[in-house]
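A quick write-up on the structure given underneath.
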Amino acid sequence: MSLAFEPTTLGRYTLRNRVVMAPMTRNRAYGPGRGPTPLMATYYAQRAGAGLIIAESAQPSRIGQAHPNTPGLHSGEQVEAWHAVTRGVHEQEGLIFAQLMHAGRVGHPSLHEDNLTPVGPSPVKAAGTTFTPDGPQEFVTPRALDAAGIRATIEDYAAAARNAIAAGFDGVEVHAGYGFLPHQFLSTNANQRDDGWGGTVQGRIRFTVEVATAIADAIDADRLGVRISPVSGYQDILEDNHRDTYLALLDALGPIGLAYLHIAEGTDTEFTEHLRERWNGTFILNPYTPGGFTGPEALKLIETGAADLVSFASLFLANPDLPRRLQHGGPLNTPDFSLAYGGDHRGYTDYPTLSQATPDDDGQTG
């Protein structure tokens with residue numbers, strides 16, 4: 001049997017395989033109070049054959065919302081709605097972590113009835129546009145968090161992590177990449193502070209480290225992962241001397257005892273090897289695939305020891321039984337990205353499994 005399909009440990013858990021479903025925003029949180037719906041429960045239960053599901057980004061506070069119709073984990077109403085999702089996955093003997101993602105400066109006032117101004121490490125507007133209920137709009141200048149605001153935001157993360165466990169999640173992942181709030185603190189353009197939360201490498205990594213520490217204190221470190229995306233450049237992030245920053249970050253996160261580190265690999269693929277060497281815990285890799293998406297060949301990264309587990313995004317969107325297809329070399333459904341964001345069951349829960357494929361398929365299903 002391939003190593004990718006052998007059980008492995010992650011924190012306190014035993015995973016059935018080393019194939020991870022990466023978090024993917026689907027913009028279908030139409031439930032009460034921006035909570036999940038029964039259709040979302042079906043979607044995740046269909047994909048419970050993954051060794052680990054990392055659910056789509058959930059905002060830890062109202063001001064943390066980045067996009068329309070994304071779910072939260074900051075109210076009792078949302079916690080109650082998430083129960084159907086986690087219960088459905090557990091009934092299929094799967095494991096599911098919540099991903100906590102705070103928009104920071106890349107939120108937008110139009111997402112809130114009271115037009116809340118986004119917050120960030122500094123009052124620096126991101127270049128570009130974001131999708132809003134009114135269509136694409138330019139990012140706005142955020143309100144800089146003061147020291148008290150930073151502390152309150154860290155507590156928001158810890159409270160959301162407690163809510164995740166109360167909702168039945170097996171653990172939590174902190175999204176510290178792709179231009180969202182922790183990544184903004186790590187960067188050298190969004191973070192222009194000269195206090196203890198910026199100015200130096202140690203200052204820039206402090207927010208991410210303290211968020212992780214607070215969550216570990218709230219739910220235990222062996223139920224916590226952190227995702228980073230060095231030099232992704234997404235949402236107008238610049239990272240001067242990024243190697244120094246991320247090696248320092250790993251050194252500071254290591255003693256916390258996280259369940260895993262999750263790398264969304266960027267253009268500096270050589271640096272991934274250094275991160276792998278530096279990290280002494282479980283290493284999940286979503287490999288850099290410019291112009292495409294992670295495919296079956298990525299399983300070689302597990303066989304060679306480049307990663308302990310590999311996360312797949314787009315293929316899990318279209319293949320609810322992806323681990324089975326990968327293990328047996330089955331045909332792969334092609335994702336329809338025109339149906340990826342928002343909408344109903346189409347392009348969401350209607351992709352066929354291998355057992356549902358017709359006998360005369362010619363190598364592609366769906």
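The values are calculated or read from the model by the stated rules, or taken from the named source; none is laboratory data. This structure is a prediction, so every number in the text was calculated from the model and none was measured. All Cβ positions, even for glycine, are placed from backbone atoms using ideal geometry, and neighbour counts span all protein chains on display. For the accessible areas, the whole protein counts, side chains as well, though only heavy atoms, and no ligand, DNA or RNA atoms are used. Shrake-Rupley method; radii C 1.70, N 1.55, O 1.52, S 1.80 Å.
Just one of the listed residues (Asn17, Asn27) is more than 26 Å from Asp222 (Cβ to Cβ) and either over 17 Å from the mean Cα position of the chain (by Cα) or open to solvent by 10 Å² or more (accessible area, probe 1.4 Å) (or both), and it is Asn27.
Would you mind stating whether Pro38 is modelled with pLDDT under 95 and open to solvent by 20 Å² or more (accessible area, probe 1.4 Å)? No: the conditions fail for Pro38. When each of Asp195, Asp251, Asp240 is tested for being open to solvent by 10 Å² or more (accessible area, probe 1.4 Å), farther than 26 Å from Asp146 by Cα and out of contact with any Leu (no Cβ under 8 Å at 6 or more places or on another chain), the lone residue that passes is Asp251.
Of all residues in region 30-85, those being under 30 Å from Pro352 (Cβ atoms) and outside any loop (DSSP other than H, G, I, E, B) number 23.
If I ask for residues that are open to solvent by 70 Å² or more (accessible area, probe 1.4 Å) and either out of contact with any Pro (no Cβ under 6 Å at 6 or more places or on another chain) or among the aliphatic types (A, V, I, L, M) (or both), which ones from region 133-147 would you list? Asp134, Pro136, Glu138, Arg143, Asp146 - these are the residues of region 133-147 that are open to solvent by 70 Å² or more (accessible area, probe 1.4 Å) and either out of contact with any Pro (no Cβ under 6 Å at 6 or more places or on another chain) or among the aliphatic types (A, V, I, L, M) (or both). Considering every residue within region 180-194, establish whether at least one is without any contact (Cβ under 8 Å) to a residue 12 or more places away in the chain and over 13 Å from the mean Cα position of the chain (by Cα). Looking through region 180-194, at least one residue is without any contact (Cβ under 8 Å) to a residue 12 or more places away in the chain and over 13 Å from the mean Cα position of the chain (by Cα).
Where helices (runs of 4 or more DSSP H) sit wholly within region 268-330, those with at least 1 residues that are modelled with pLDDT under 95 and open to solvent by 10 Å² or more (accessible area, probe 1.4 Å) occupy 322-328. Of all residues in region 331-340, those that are assigned to a loop (DSSP other than H, G, I, E, B) and surrounded by fewer than 17 Cβ atoms within 10 Å (Cβ to Cβ) total 3.
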